Amino acid sequence: QARWGAPLVAALLALLISAWTFDAKLSISGDNTEFVTLARALANGDGLTYTNLPEPRPATKYPFGFPLMLAPMAALFDGWAGPGTGTPDWVAMKWLVVITFAAGMAALYLLARQVAGDMAAAATTALAVTNPLTVSYAHQVMSEVPFLAPSLLALWCLHRGLEQDGWRDNRWLWAGVAAAIVAYYMRSVGLVLIGAPIALLVLRRDWQRAALVGGVSFAALLPWSLRNSAAGGGSV
């Protein structure tokens, strides 16, 4: 109970602070509105496309993970709801980001406890949960906070998995690789989370695991790269 109680407290604290500071207004950030547009396009069956342009075109600037995560909110809620007509879809999207913030704070506690102990984990998580900038981003339709949760989860799992031998029954290693791939599809910078463990395994001359992790990661990322190239964008 104590093992999982503290991460749960971190998540609940993040939810409470986010609910207390929640601002339902849509940010004027360009990225913010692009994500809403892409989520609506996915919900309407138009794919990852900028349907707000005179001539719709495929989107290649962002990975599909965050828009895909938001798409159910766009499908379930009215994007143009007026006063008294229901919850606008962007408000539901904001609350979904809040939930990922809570998950990220739980993952942060787990990672910090693993590398620095209980007291350091409590202090680190408390600072992150109460940081004004972190809390501000926790209710914006932006990919930073949704990227944070799988990134921290990947680091936590990889830290355990890389310290264990072998790969067949090494569930921590493969859970970390899976979380890193999810993080990449939230933000392209997540590629670092894939490259770093491969580099470490190479430095350790653990050739078999380096090749396996690299191969699985390459197979997971290749379809998106091919799609972007075909759509006229970058390969990453």
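Residue order by solvent-accessible surface for LEU38, LEU16 is LEU16, LEU38, largest first, with ligands and nucleic acids left out and a 1.4 Å probe. Go ahead and set up a Gaussian network model of the chain, Cα springs under 10 Å, then flag whichever of GLY176, GLY45, GLY214 fluctuates most. With Cα springs under 10 Å in the chain, the top fluctuation among GLY176, GLY45, GLY214 is at GLY45.
Legend: residues ILE99, ILE28, sorted from most to least accessible area (1.4 Å probe; ligands, DNA and RNA excluded), read ILE28, ILE99. Between ILE194, ILE17, ILE181, the Gaussian network model of the chain with springs among Cα atoms under 10 angstrom shows the greatest mean-square fluctuation at ILE17. This model, with +1 at the C-beta of Lys and Arg and -1 at the C-beta of Asp and Glu, gives the chain a dipole about its Cα centre of some 480 debye.
Roughly what % of Cα-Cα distances in region 1-132 sit above 22 Å, to the whole percent?
Working: 4215 of 8646 pairs.
Roughly 49 percent, rounded to a whole number.
Take THR124: with every protein chain present and a 1.4 Å probe, its accessible area is about 60 Å². In angstrom, the C-alpha Rg and Dmax of region 94-236 are 16.4, 50.
Computed from the C-alpha gyration tensor, the three semi-axes of the ellipsoid equivalent to region 94-137 are 21, 12, 5 Å, from longest to shortest.
Give me the percent of the accessible area of region 35-146 that comes from carbon and sulfur atoms, probe 1.4 Å, all protein chains in place.
Roughly 65 percent, rounded to a whole number.
The amide H of ARG57, built 1.01 Å from its N in the peptide plane, has TYR50 as neighbours under 5 Å, considering only residues 5 or more places off or on other chains. Considering only PRO56, ALA14, ASN44, and ranking their Cα positions along the charge dipole of region 1-74 that arises from unit charges at the beta-carbon of Lys, Arg, Asp and Glu, the one farthest toward the positive end is ALA14.
Remark: the Cα gyration tensor places region 89-164 in the oblate category, a/c being 1.5 or greater and a/b not exceeding b/c. Within the chain, the selection of entire DSSP H helices by a Cα span of 24 Å or greater along the long axis and an average Kyte-Doolittle value of at least -0.5 returns 2-21, 89-116, 144-163, 207-230.
Taking only protein heavy atoms into account and a 1.4 Å probe, give the accessible area per residue of the chain in Å².
Values: 12090 Å² over 236 residues.
Value returned for the chain: 51 Å² of accessible area per residue.
The values are calculated or read from the model by the stated rules, or taken from the named source; none is laboratory data. Keep in mind it's a predicted model, so treat the numbers as computed, not measured. Note that each Cβ is placed from the backbone with ideal geometry, even for glycine, and that neighbours are counted across all protein chains shown. These accessible areas exclude ligands, DNA and RNA; they are computed on the full protein's heavy atoms, side chains included. Shrake-Rupley method; radii C 1.70, N 1.55, O 1.52, S 1.80 Å.
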